[in-house]
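Remarks on the structure that follows.
The values are calculated or read from the model by the stated rules, or taken from the named source; none is laboratory data. Quick caveat: nothing in here was measured; it's all calculated off a predicted structure. Every residue, glycine as well, gets a Cβ built from its backbone with ideal geometry; the counts of neighbours run over all protein chains shown.
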Amino acid sequence: MKNLIKFIKNIWAFRKPLWNFRWWDYSFTMDMLKVCLKEMSDNLETKGIEVDVPRLKKVVKMRRAIEIINNLRGIGHIEMAEKEIGELHMKPFEFKDSESCPGSYELVDNDTPEEKEHNKKVYDRAREIEEQEWAELWEIFKGQDVKTYDVNKQDWNDWFDGSGIRGWWD
């Protein structure tokens, strides 16, 4: 009976990613991972029995991973790039009759060369940010190389940054 109750709670926790799951897209896998990380970070923060310093560093890394996943699932990187470079130049769509295909329409490109260049810079910067965050996400999961820790020269709490998914347990 206890396992059945856990199962029902898990279905409820994962209801949105389960409902939206599609085998062909990694984003749904990331949604499942996000739910896992949210449950883990919330419970590790409030119910964890590990000493505070490393435990709370782990919570911070888990929440950063969630933030990155949210950015990957939305338009976060474009918004970040716009804050750095300036907003995209967006104009309403305008159509004209197609000369090459009578009875059809063509989209009119009203952007100036300067606007096109600016938009390209924003999109390029957004892609850079996305790549940086993607790399950061996997660094968080990978964790620090324990072989670089020197017990004679460093305090563990100063060295440890909370990363390393294999150590995220209580």
Inset, instruction - Count, please, the residues in region 128-170 that happen to be within 20 Å of A65 (Cβ to Cβ) and either touching a strand residue (DSSP E or B) at 6+ places or on another chain (Cβ under 6 Å) or part of a loop (DSSP other than H, G, I, E, B) (or both). - result: 11
Inset, instruction - Considering only region 88-106, state which residues are free of Cβ contacts under 8 Å to residues at least 24 places away in the same chain, within 27 Å of G76 (Cβ to Cβ) and out of contact with any Leu (no Cβ under 7 Å at 6 or more places or on another chain). - result: M90, K91, P92
Legend entry - Within region 127-160, considering residues that are in contact with a Pro (Cβ under 9 Å, 6 or more places away or on another chain) and among the hydrophobic types (A, V, I, L, M, F, W, C), the one nearest to P54 (Cα to Cα): F160
Legend entry - Which listed residue, of R64, R73, is charged (D, E, K, R), under 24 Å from Q132 (Cα atoms) and touching a Lys or Arg at 6+ places or on another chain (Cβ under 9 Å): R73
Legend entry - Subset tally (residues that are outside any loop (DSSP other than H, G, I, E, B) and either at pLDDT 90 or above or not basic (K, R) (or both)) for region 90-120: 13
Inset, instruction - Consider G143 carefully, then state whether it is at positive phi and either exposed (fewer than 15 other Cβ atoms within 10 Å of the Cβ) or of a type outside the set (A, V, I, L, M) (or both). - result: yes
Inset, instruction - Please indicate, with yes or no, whether at least one residue in region 57-78 is over 16 Å from the mean Cα position of the chain (by Cα), farther than 30 Å from K120 by Cβ and either of a type outside the set (D, E, K, R) or surrounded by 17 or more Cβ atoms within 10 Å (Cβ to Cβ) (or both). - result: yes
Legend entry - Selection from region 55-85 of residues that are under 14 Å from G162 (Cα atoms) and at pLDDT below 95: none
Inset, instruction - Go through (1) in contact with a Lys or Arg (Cβ under 9 Å, 6 or more places away or on another chain); (2) closer than 30 Å to W156 by Cα and name the single condition P54 misses. - result: (1)
Legend entry - Flag for V122 being among the aliphatic types (A, V, I, L, M), more than 18 Å from the chain's Cα centre (by Cα) and under 30 Å from L44 (Cβ atoms): no
Inset, instruction - Tell me which residues, restricted to region 1-53, are free of Cβ contacts under 8 Å to residues at least 12 places away in the same chain, of a type in the set (A, V, I, L, M, F, W, C) and not in a helix (DSSP H, G or I). - result: M1, F21, W23, W24, V51
